Structure formats: structure tokens, C-alpha cells
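The values are calculated or read from the model by the stated rules, or taken from the named source; none is laboratory data. In this text, all values refer to a predicted model and were calculated from it rather than measured experimentally. Glycine also receives a Cβ, built like all others from the backbone with ideal geometry; neighbour counts cover every protein chain displayed.
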Amino acid sequence: MLQPLWKVLAILAAGCFLAPHAALAQEPTPAQLISRIDAAVQTRFDNIASYTVTEHYSVFRNGDLIHPAAEMTVKTTYKRETGKSYQILTESGSEILRRMVLRSVLSNEQEVNRPGVREGAFFTSSNYRMTVKPGGAQQMDGRSCYAVEIQPKPNSQHLVAGTLWADAANGQIVQVEGKVQKGLSLFTGAVQVFRKYASVDGFAQATYARAESNSVLLGRTVVTIDYRDYQIVADAKPATK
């Protein structure tokens, strides 16, 4: 019943294969910006052979966003040829939530990141209708970014409808927020999602994610993920200017 919430976290993890930073020569046209986003996705995917990261998961219920009802710390290993695997380092709190929620997160992230599946979750114009919003560039985390409306194409499954913010210079995705409607159970409302990214060793990687849903079984449920200690093995170092 709550599975789509966890699938959304996985989709956000798989969707942003991002490229290295490049200097901005001029304001991009909408077509140029979308092309840069597509190129950034492919470049990052092509250049990162593997990485490890420590992820801390917290589950909050019924409006209490201070005291987690369950927690889990996981070492995640990504390999381009096989996808993701997980080693649980610590866990605490409700056993039911750890089993129903957090293990479901890990299971769905493995599924979404399998070779041949993850490509369908990328934030690219192949999977989304992308429209650059009016208003010009805005500063976000010290970067000049454009807001882009994203709407899943008809044949896409469990993708995010909302907004992403992309670096004007190189198409790196800096932030994503929105909703997922498709595939939700009769008893679950729209899943609200949010994710932030930062440059790690010249590559943009997730630093924080949040997903919120409601159900008759668990009520309002919020899952957050904090990412730290990336160790990246790249085929080639990104160009820097």
C-alpha cells in the first residue's frame, strides 16, 4: 500500500546521473538548457564506474518530524555494470517500520537501479516533457539555475511530476521536487518528494532526500535520507574551469 513512496525515493536516486561543471558563456535558450540536462545525465553515467556512500534513513509518523520512529544506516555500493547493493550497518526503532518501510526502500532502489531499468528513470527529455519556466536564472546554492517543469511521458511509470532546477552552465540537476500519482493504491494520496544535490569530486551527487505519503495503515509518513562519505571511482576525472 505504501510501496510507491519507497519507489519514488529510488527513482530520484536513479534519475540524476549528472555531469561536471563548465563555465557559463551565455544565457542558454530553453532548447539548449534541455540539451545540457540530457548530456549531463549521459556524461555522468558514462564516467562513474562505481561509488560507495553511507546513507542514513529516518522514518517519521503523524507530524512528529523530530523523533524518528525508525532509523537505519546503510553502506550503499553502486557499480555501473550491476546496479546497487546494500549493507545495513545499524538500525533502531520500530521493527514493523524497518521491515515494511526501510527494507522496502532498499528493495525498490535495487530494482529501479538495475541495468535496463534505471534508464527509464533518468531525468531526461526521453522520459519527460520538459518546459523551462519563465523568470530567468535564479541563484541556488551559489549556482545560476533555471527552473524546469517536468511531466512524465505517457508510457513512463512512477515518475515525478513537478520541477527540477538545473545549472545553467552544464545542465547539472541541483534540486527536484514534485509529486507522484501513477501507481498509488486506493488508500494512499499523492507522494510528495524533494531531493538536493551537490558536487562531490567534480560530480553532482545526492545529499538529502525526503518523501511524504499518507495511508490508512500508517497515517502521515515521512522518510528522509542523508548521504555522506562518498567514495567515487571514475573512468575519467571531470573537466574543471
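Remark: G189 falls outside the filter, which requires a residue to be more than 23 Å from P68 (Cβ to Cβ) and either of a type outside the set (D, E, K, R) or at pLDDT 90 or above (or both). Applying the condition of being within 23 Å of E149 (Cα to Cα) and outside any helix (DSSP H, G or I) to segment 24-63 and asking which residue is modelled with the highest pLDDT yields T29. On inspection, G63 passes the criterion of being surrounded by fewer than 16 Cβ atoms within 10 Å (Cβ to Cβ) and at positive phi.
For segment 193-230, enumerate the residues that are under 13 Å from the mean Cα position of the chain (by Cα) and of a type in the set (D, E). Scanning segment 193-230 gives a single hit, D226. Of the residues making up segment 112-146, those that are in contact with a helix residue (DSSP H, G or I) (Cβ under 9 Å, 6 or more places away or on another chain) and not in a loop (DSSP other than H, G, I, E, B) are V112, R118, E119, G120, A121, M130, T131, V132, Y146.
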